[in-house]
Amino acid sequence: NWISDDGDIAGKSVCDCGCGVGSLAIPLAKMGAKISASDISDAMSTEAERRAKEVGINDATFYTSDLESVSGKYNTVTCVDVAIHYPTEKMSEMVGHLCSLADDRLIISFAPDTWYYSILKKIGEFFPGPSKTTRAYLHKEDIVREAVAKAGFEIAREEMTGTNFYFSRLLEAKRVK
């Protein structure tokens, strides 16, 4: 909602890292953003491209890549619901890389490492099954904030988001001019 509320994304470049099936990239393209979106899964990026074309978006770029290999410069870089797949010891480096791609703004989410979420994760480990939630990485919020600041950004907005099984901290960071 932050991007649509701001009303200024039309004509700006957006790199959506970990785009999945295009749930963020496609609406941003509909708002007029120039989209470059990647996912580590070829099936996901291919599906995102198919869905984009299905709704008449033909100028967005979807491709397969891990986060470390994404390159270029963009007005906005988004990385939503991806950090749960990154080991804690790589989080600062990953945030720094994402910031290096962003000229103006980074929007990132991560599962915060709090006592509450740690307990929920431990409980989940007692119930093995097809769920990947017990393999999700939790990240210390101060580590993420420090990496953002070190890259020359400051937090502009933040909120907690959640679904029935997943909670995350969403941060918008803007480059300090």
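For the reader, a short list of remarks on this structure follows.
- Test for LYS90: is it open to solvent by 70 Å² or more (accessible area, probe 1.4 Å) and either at pLDDT 95 or above or within 23 Å of SER45 (Cβ to Cβ) (or both): yes
- Taking the criterion of being touching a helix residue (DSSP H, G or I) at 6+ places or on another chain (Cβ under 8 Å) and not β-branched (Val, Ile, Thr), the residues of the range 66-91 that qualify are LEU67, GLU68, SER71, GLY72, LYS73, TYR74, CYS79, ALA83, TYR86, MET91.
- Residues located in the range 93-112, provided they are crowded, with 18+ Cβ neighbours inside 10 Å and in a helix (DSSP H, G or I): MET94, VAL95, HIS97, LEU98, CYS99, LEU101
Yes/no per residue for (1) open to solvent by 20 Å² or more (accessible area, probe 1.4 Å); (2) at pLDDT below 95:
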{"site": "SER4", "(1), (2)": "yes, yes"}
{"site": "ASP8", "(1), (2)": "yes, yes"}
{"site": "GLY11", "(1), (2)": "yes, no"}
{"site": "ALA33", "(1), (2)": "no, no"}
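- Residue in the range 113-135 that is among the polar types (S, T, N, Q), open to solvent by less than 50 Å² (accessible area, probe 1.4 Å) and either at pLDDT 85 or above or touching a Phe, Trp or Tyr at 6+ places or on another chain (Cβ under 8 Å) (or both) present: no
- Qualifying positions in the range 62-111 - acidic (Asp, Glu) and over 20 Å from ALA136 (Cα atoms): ASP103, ASP104
- The range 85-109: number of residues that are touching a strand residue (DSSP E or B) at 6+ places or on another chain (Cβ under 7 Å) and farther than 23 Å from ILE3 by Cα: 2
- Check on VAL14, β-branched (Val, Ile, Thr), under 22 Å from VAL95 (Cβ atoms) and in contact (Cβ under 8 Å) with a residue 12 or more places away in the chain: yes
- Members of the range 69-87 found to be at pLDDT below 95 and over 14 Å from the mean Cα position of the chain (by Cα), listed by number: PRO87
- Tallying residues that are open to solvent by 40 Å² or more (accessible area, probe 1.4 Å) and either β-branched (Val, Ile, Thr) or out of contact with any Lys or Arg (no Cβ under 8 Å at 6 or more places or on another chain) (or both) within the range 42-71 yields 20.
The values are calculated or read from the model by the stated rules, or taken from the named source; none is laboratory data. Note that the structure is predicted; figures quoted are calculated from it, not measured. Here Cβ is always computed from backbone atoms with ideal geometry, including for glycine, and neighbour counts include all displayed protein chains. Surface accessibility is based on the protein's heavy atoms, side chains included, excluding ligands, DNA and RNA. Shrake-Rupley method; radii C 1.70, N 1.55, O 1.52, S 1.80 Å.
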